[in-house]
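In what follows, a single structure is set out as structure tokens and then discussed.
The values are calculated or read from the model by the stated rules, or taken from the named source; none is laboratory data. All figures in this text were calculated on a predicted structure; none of them were measured in a lab. Glycine also receives a Cβ, built like all others from the backbone with ideal geometry; neighbour counts cover every protein chain displayed. Heads up: the accessible areas ignore ligands, DNA and RNA and are worked out on the full protein's heavy atoms, side chains in. Shrake-Rupley method; radii C 1.70, N 1.55, O 1.52, S 1.80 Å.
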Amino acid sequence: MRIGELADRAGTTTRTLRYYESLGLLPPAGRAANGYRSYDDEHVRLLAQIRTLQDFGFGLEETRPFVECLRAGHESGDTCADSLAVYRRKLAELDACVERLRSVRDQVAAQLARAELAAGAGEEPMCELGPPTERTTSP
């Protein structure tokens, strides 16, 4: 298949495919008699792996071990040791992010509770811009 067809099947652009090829994520395409690049189902398979991982939030370079695993002949890109290491690093990164979000959530919940108590006690909510001022109109 030609590069445009591969791009359509993968849901990407021809420019992206050339970029992946320049990075070594996709093997160079064969050339047809007319000089056009010629791609096969293996390219589709590699692109599907890259796109799936990117949809999960993996960076392009993080997809490399999975692609290399597939190119080495494995049925799945996540059965090699390097792929498993990337999964572990990503999981640790996500756990740290979730923990930061929990901390921020706890702080916001505590601030809300304080604000609701103050509002319930008849106090006027404080504004960081200062107290409201009366508007003056000019004649």
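Between residue 2 and residue 72, 0.36 nm times their residue separation minus their Cα-Cα distance comes to what? Walk me through the numbers on the way to the answer.
On the way: separation 70, 0.36 × 70 = 25.20 nm, distance 2.39 nm.
Going from the current span to full extension adds 22.8 nm.
Given points 7 Å out from each Cα along the Cα-Cβ axis, report the residue 13 to residue 121 separation in nanometres with one decimal.
Going by the 7 Å Cα→Cβ label model, 5.8 nm.
On the protein heavy atoms, probe 1.4 angstrom, tell me the percent of accessible surface of the chain carried by carbon and sulfur. Before the final figure, lay out each step's value.
Working: 5440 of 10120 Å².
Heavy-atom surface of the chain belonging to carbon and sulfur, 1.4 Å probe: 54 percent.
For the chain, report the accessible area per residue in Å² (1.4 Å probe, heavy atoms, rounded to an integer). Please list the in-between numbers first.
Numbers: 10120 Å² over 139 residues.
Spelled out: the 1.4 Å probe surface of the chain, per residue, equals 73 Å².
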